[in-house]
1. Under 8 Å for C-alpha pairs, at least 6 residues apart: give me the relative contact order for chain A, rounded to a whole percent.
2. Hey, got the dipole for chain B? About the Cα centre, +1 on K and R Cβ, -1 on D and E Cβ, debye to the nearest 20?
3. Taking neighbour counts of Cβ atoms within 10 Å as a proxy for exposure, in what order, fewest first, do A:K131, B:K48 appear?
4. Distances from B:T111 to the same residue in each other copy, label points 7 Å out along Cα→Cβ, in nm, shortest first?
5. Dividing the convex hull volume of the Cα atoms of the range B:54-94 by its residue count, what figure in Å³ per residue is obtained?
6. For helix B:110-122, what angle does its Cα long axis make with the longest principal axis of chain B, in degrees from 0 to 90 and rounded to 10?
7. Measuring nothing but label to label, 7 Å from Cα along Cα→Cβ, what are A:R61's distances to the other copies in nm, shortest first?
8. Per the Kirkwood treatment, what hydrodynamic radius in Å, one decimal, follows for the protein assembly as shown from the mean inverse distance over all distinct Cα pairs?
Protein chains: 2
Amino acid sequence: MIQEKKRTFNVFAASKGLRSTRQRDNILDVFLATHQHVSVEELYLKVKAVSQGVGQATVYRTLKLFVEAGLAREILLHDGQTRYEHVLAGEHHDHLVCTGCNSIIEFENETIEQLQDEIAARHGFMIRSHKLEIYGLCSRCRT
Amino acid sequence: MIQEKKRTFNVFAASKGLRSTRQRDNILDVFLATHQHVSVEELYLKVKAVSQGVGQATVYRTLKLFVEAGLAREILLHDGQTRYEHVLAGEHHDHLVCTGCNSIIEFENETIEQLQDEIAARHGFMIRSHKLEIYGLCSRCRT
DNA sequence: CTAAAAATGAAAATGAGTATCAAAAGCAGG
DNA sequence: CCTGCTTTTGATACTCATTTTCATTTTTAG
């Protein structure tokens with residue numbers, strides 16, 4: 001017998017008139033259970049595997065909601081598909097993207113973040129988010 | 001009377017079977033005369049203004065060639081249009097992107113570049129290129 | 001000059017993402 | 001647990017950037 005998990009807090013309630021629905025809960029569950037850089041299509045398939053009735057359009061819509069709600073962040077790689085990654089409080093990682101095998105290595109660097117803050121300050125710019133992607137070949141592909 | 005500039009070196013000759021054509025020369029001229037972040041559509045219009053017979057498909061194709069040839073770099077913003085910027089030898093700049101007015105401020109930071117090299121080295125990663133984009137509000141939009 | 005290879009343009013095709021809209025589901029108050 | 005109102009959903013049609021196709025033209029090697 002399958003136990004329906006009851007979400008202890010409603011992520012959507014916080015915002016204006018957002019409602020909590022089975023689909024959104026499903027999508028959020030699957031998204032949170034996923035590790036890094038899911039494309040909408042991937043997520044859609046995973047969600048569909050879990051619960052039949054969820055349309056693609058809803059997955060697209062819901063991911064945008066996640067971004068607005070600060071739960072997810074959009075990643076643009078060069079394959080024409082938007083991907084999403086978790087936004088875990090206070091954490092931010094950047095990416096080494098291997099153009100050989102498409103693998104992604106994450107890293108964090110506090111100094112770079114600080115330098116960004118300085119640069120922004122120097123231009124009177126208020127940072128909302130940032131993205132640092134380094135392209136090249138990983139150790140296995142560089143032969 | 002208009003003087004046909006003769007390109008002193010053939011950028012395309014270097015690679016495999018690439019040929020030098022009027023269209024490619026036109027596109028390259030216009031691209032080089034353009035400053036930062038041209039979308040394909042923009043470039044197409046500029047090229048068409050200069051010389052009638054150049055199709056969109058060719059502009060798309062040629063820009064990809066420029067990237068392969070190391071003359072241009074793709075920039076992905078969040079408006080669904082791929083943009084291209086020059087790759088000038090040794091120079092690299094990153095971007096402060098204002099989400100308010102879509103303006104772009106460029107900056108360079110040697111320290112960040114060095115830190116990237118260190119990080120890459122630590123992961124046995126060979127850097128080909130990188131992209132750092134900081135999103136937020138510029139001084140005029142942050143009111 | 002000539003044949004083979006590569007490039008081009010126009011138009012059709014693709015594909016990610018979005019809009020539409022009728023039907024279904026959440027929600028507040030009784 | 002009805003009722004009425006609003007939001008959400010799914011299916012599908014649509015948009016729009018980019019790619020492919022293919023017949024024709026241009027380059028280039030010889």
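1. Values: 137 pairs, mean separation 24.0, N = 143.
Answer for chain A is 17 percent.
2. Computed about the Cα centre, the dipole is about 760 debye.
3. Working: A:K131 19, B:K48 16.
If I rank by nearby Cβ atoms, fewest first, I get B:K48, A:K131.
4. Values, ascending and in nm: 0.9.
5. Spelled out: Cα convex hull of the range B:54-94, divided by residues, is 74 Å³.
6. 80 degrees
7. In ascending order, 4.2 nm.
8. Values: mean 1/r = 0.0460 Å⁻¹.
With all distinct Cα pairs of the protein assembly as shown included, I get 21.8 Å.
Just so you know, all these numbers are worked out from the coordinates, no wet-lab data involved. Model, not experiment: these values are computed from the prediction. No Cβ is skipped: glycine too gets one built from the backbone with ideal geometry, and neighbour counts run over all protein chains shown.
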